């Protein structure tokens, strides 16, 4: 079984050789992961900005409604 495993790995390396990466150069998989993380971070930041803006809008409307319906003090 070990001999077969070694043979399969050797055939796999022949069919799909690993690209030689220069020192300190990220591999294509690492580049793709980095790009996905960057896109996810940008999407997350945009979602936070939108949620904060919506919350601020709701709070402003609530404050405006509360100011309009506040009871007036008696003068007499």
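The values are calculated or read from the model by the stated rules, or taken from the named source; none is laboratory data. This structure is a prediction, so every number in the text was calculated from the model and none was measured. In this analysis, Cβ positions are derived from the backbone assuming ideal geometry, glycine residues included, and neighbour counts consider all displayed protein chains.
Tabulated data
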item	result
Residue ID - modelled with the lowest pLDDT, chosen from residues in the range 11-27 that are in a helix (DSSP H, G or I) and surrounded by 10 or more Cβ atoms within 10 Å (Cβ to Cβ)	13
Any hit, the range 37-50, residues being modelled with pLDDT under 95, part of a helix (DSSP H, G or I) and surrounded by 10 or more Cβ atoms within 10 Å (Cβ to Cβ)	no
